[in-house]
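Student: One structure coming up, written as structure tokens, with questions to follow.
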Amino acid sequence: MTKRPFLMALATFGAIFLVFFLIILAVGNLAGRPTPFPLGEKVGVVPITGVIFSSEKINEAITRFREDASVKAIVLRIDSPGGGVGPSQEIYDEVRRTLAVKPVVASMGSVAASGGYYVAAPANRIIANPGTITGSIGVIMEFTNFQDLLEKIGLKTQVVKSGEHKDLGSPVRPMSEEDRRILQSLIDDVHDQFVTAVAEGRSLEQDKVIALADGRIFSGRQAMAAGLVDDLGNLRDAVLLAGELAGIRGEPRTVYPAPERPRLFDYLIQESITRLRQGLQEQNPVGLQYLWQGH
């Protein structure tokens, strides 16, 4: 007799747990969050928006969708003028890694230029709007010189360095011809990496890509004529194509990365830091950039 109330309580607890589990699973599914349970075949959409400062969140989303058995294909929704060389190359590598597991389609929004094009290049197919701004295959590095300004206000800088080129790119002295030669050599090497990535990703001859890789921009229609884009269409067209490549019957359901929900205080602090950092980087970009500056 004493065991019966315990068993009933255990059964009740188990039933409540099961109901809550199913509710959480259903809500997550309706909200488009990837789950470890394949509740229907879906296409995962990974947004890549704004200047590419970091690859961490984007690659995290790509990896989760790649490992989710219910996600049969991935669409990269790109609306970006590009950004840092390192992050762009890291996303490129993650896309290539994913191609061995499931199809990837790139969908270009308003802008998918420079690094924004770089991350799209390895996809199985690239779809752009006719008026999408894309291309801008090239590398840029900027330096601002404050020497004249400092002299006007009476400030002098003393530099102690371990080698002749340790202060390469210094804003407080003129750029020498040797400085320019070193930097140009660096730019040329990274540009060659960009050209090679596009040639491999698009299965194009290196010489053909070189002819297009002078930094110019293209409309989506021009890019398709040049072989940089496969088709013209919108995001829905890209999702349908991804579903077709994955063998999904009918119109596929889409799933997006789950938004982070940090605590309010943490969110405000992190958002302030992020915006300050982005503002400083936009005003004074540091390092090599796969970036179209017309945005």
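The values are calculated or read from the model by the stated rules, or taken from the named source; none is laboratory data. Computed from a predicted structure; not experimentally measured. Please note: Cβ atoms are built from the backbone with ideal geometry, for glycine as well, and neighbour counts cover all protein chains shown.
Student: Go through region 223-262 residue by residue and tally those that are part of a loop (DSSP other than H, G, I, E, B), within 14 Å of residue 78 (Cα to Cα) and either among the small types (Gly, Ala, Ser) or under 18 Å from the mean Cα position of the chain (by Cα) (or both).
Tutor: Residues that pass the stated criteria total 3.
Student: Still on this structure, please answer the following. Could you tell me whether residue 214 is surrounded by fewer than 14 Cβ atoms within 10 Å (Cβ to Cβ), within 23 Å of the chain's Cα centre (by Cα), in a loop (DSSP other than H, G, I, E, B) and among the acidic types (Asp, Glu)?
Tutor: yes
Student: Taking the options 167, 179, name whichever one is surrounded by 11 or more Cβ atoms within 10 Å (Cβ to Cβ) and assigned to a loop (DSSP other than H, G, I, E, B).
Tutor: 167
Student: Let me ask something else. Can you tell me which of 246, 242, 223 is touching a Lys or Arg at 6+ places or on another chain (Cβ under 7 Å), surrounded by 15 or more Cβ atoms within 10 Å (Cβ to Cβ), touching a residue at least 24 places away in the same chain (Cβ under 8 Å) and of a type outside the set (Phe, Trp, Tyr)?
Tutor: Going through 246, 242, 223 in turn, just one is touching a Lys or Arg at 6+ places or on another chain (Cβ under 7 Å), surrounded by 15 or more Cβ atoms within 10 Å (Cβ to Cβ), touching a residue at least 24 places away in the same chain (Cβ under 8 Å) and of a type outside the set (Phe, Trp, Tyr): 246.
Student: Let me ask something else. Assuming residue 78 fulfils every condition listed in (1) modelled with pLDDT of 95 or more; (2) over 11 Å from the mean Cα position of the chain (by Cα); (3) aliphatic (A, V, I, L, M) apart from one, which condition is it?
Tutor: Unmet condition: (2).
Student: Right, something else. Quick one: which residue in 164, 94, 177 is farther than 22 Å from residue 219 by Cα, touching a helix residue (DSSP H, G or I) at 6+ places or on another chain (Cβ under 6 Å) and of a type in the set (Asp, Glu)?
Tutor: 94
Student: Looking at 78, 91 in this structure, which one is part of a helix (DSSP H, G or I), closer than 18 Å to residue 202 by Cβ and among the aliphatic types (A, V, I, L, M)?
Tutor: Just one listed residue meets the conditions, 91.
Listed here are the residues, each with its yes/no results for (1) of a type in the set (Asp, Glu); (2) at pLDDT below 95.
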site	(1), (2)
151	yes, yes
168	no, yes
174	no, yes
177	yes, yes
184	no, yes
192	yes, no
206	no, no
211	no, no
